[in-house]
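Note sheet for the following structure.
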Amino acid sequence: MGALRRFAPWIWHKPAILLVLATMMWAGNAVASRALAGQMSPGTVVIVRWLVVCAVLWPFLGKRFVATLPQLRQNWRYFALMGGLGYTAFNILFYSAAYYTTAVNLTLLQCAIPIFVMLGAFLFTGHSVRAAQIAGMVISTIGVLLVAGAGDLQNVAKLAFNIGDVMALVACALYAGYTLNLRRLPSLDPMVFFAAMALAAALAGLPYFIGEVVSGHSFWPTQRGYIVVIYVALFPSLISQILYMRGVALIGASRAGLFSNLVPVFGSVLAVVILGESFHIYHAVALALGLGGVFVSEHLAKPEPVVRPTGTA
């Protein structure tokens, strides 16, 4: 136990390790998204996963959450935006995309997140972008387009995209917006903040869930679906988000967003091993381009000053 107590504070100050662990869990989420296709409807997945997160957090944070209600009410628009778009809309699009594309594609297309983060930081926050970061973004973009075009860049020129890939790219854009807005964290206990966003995500998913029920497209999970959704709730939904928020607090949104390009490394392997999906040459090229973009942007650019979000420890 003593070793565990010493290890936890140590890892809490190691952004690279925190972000790598988060991306491993996200990779599992992409594979789980594909595994859940046909096992549980997207709206039901979203509602169940965030209700499980709230149930797990309540025994530990209930009293602190209630004590912080006045501050939470003051920032309800922020929580609605962050939880609704970054969590709910992102995952609904992702789970829906899994009906039309592969888990390999879902993981590789997440290379678009750092591209959107960098563009958003430049366009909306006045953040300066260095030459090496632009070069890395271009390299990663080529990889994303290669996947979206199914290995043929002529398909990109013709806009011949798989609808599932388009959904995944829109989801990535939403998560990039979530990443950028983490810098505007209210002055709250980070765990209470996360609990508020989890609750907001569950509430934001209700209209979509009701729409599924009314339209007859909602169905409860199979036995396999229950197992996968519990994994999704505990790891990609809960633990990874905490690790990611901490990573952003330590090194900033732009640099933290680049670690998303590690998702394809883990996700491609998991998709092939667990789901038996095919891994084509263009997937390997896109993976190399995505990782190359991370290397160029993260290792060749000079470190930028970090402005830590308010309310982080």
**Message:** Could you check segment 98-127 and list, in sequence order, the residues that are farther than 18 Å from TYR178 by Cβ and either of a type in the set (D, E, K, R) or part of a helix (DSSP H, G or I) (or both)?
**Reply:** ALA103, VAL104, ASN105, THR107, LEU108
**Prompt:** Pick from segment 1-55 the residues that are of a type in the set (Phe, Trp, Tyr) and modelled with pLDDT under 85: which of them is nearest to PRO207 (Cα to Cα)?
**Reply:** TRP26
**Request:** For segment 250-292, name all the residues that are assigned to a helix (DSSP H, G or I) and either in contact with a strand residue (DSSP E or B) (Cβ under 6 Å, 6 or more places away or on another chain) or under 25 Å from ARG184 (Cα atoms) (or both).
**Result:** LEU250, ILE251, ALA253, SER254, ARG255, ALA256, GLY257, LEU258, PHE259, SER260, ASN261
**Item:** Subset tally (residues that are out of contact with any Ser or Thr (no Cβ under 9 Å at 6 or more places or on another chain) and either among the β-branched types (Val, Ile, Thr) or without any contact (Cβ under 8 Å) to a residue 60 or more places away in the chain (or both)) for segment 265-287
**Value:** 6
**Prompt:** LEU18: in contact (Cβ under 8 Å) with a residue 40 or more places away in the chain, surrounded by 24 or more Cβ atoms within 10 Å (Cβ to Cβ) and of a type in the set (A, V, I, L, M), yes or no?
**Reply:** yes
**Asked** If you check every pair at least six apart or on different chains, which have Cβ atoms under 6 Å apart with a residue in segment 168-196 that is farther than 13 Å from GLY120 by Cβ first and a residue that is among the charged types (D, E, K, R) and assigned to a helix (DSSP H, G or I) second?
**Response** VAL192/ARG64
**Request:** Taking GLY247 as the residue in question, decide whether it is within 21 Å of PHE116 (Cβ to Cβ), crowded, with 22+ Cβ neighbours inside 10 Å and modelled with pLDDT of 80 or more.
**Result:** yes
**Request:** Have a look at TYR78, TYR95 and point out the one that is assigned to a helix (DSSP H, G or I) and surrounded by 24 or more Cβ atoms within 10 Å (Cβ to Cβ).
**Result:** TYR95
**Request:** Please give the number of the condition ILE274 fails out of (1) surrounded by 15 or more Cβ atoms within 10 Å (Cβ to Cβ); (2) at pLDDT 80 or above; (3) closer than 17 Å to ARG34 by Cβ.
**Result:** (1)
**Message:** Pairs please, first residue from segment 198-220 and within 27 Å of MET245 (Cα to Cα), second anywhere and aromatic (Phe, Trp, Tyr) and at pLDDT 90 or above, Cβ atoms under 8 Å, 6+ apart in sequence or on different chains.
**Reply:** ALA198/TRP50; LEU199/TRP50; ALA201/TRP50; ALA202/TRP50; GLY205/TRP50
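The values are calculated or read from the model by the stated rules, or taken from the named source; none is laboratory data. The shown structure was predicted, so the numbers you read here are calculated from the model rather than taken from an experiment. Positions of Cβ are generated from backbone atoms using ideal geometry, with glycine treated the same way; all protein chains shown enter the neighbour counts.
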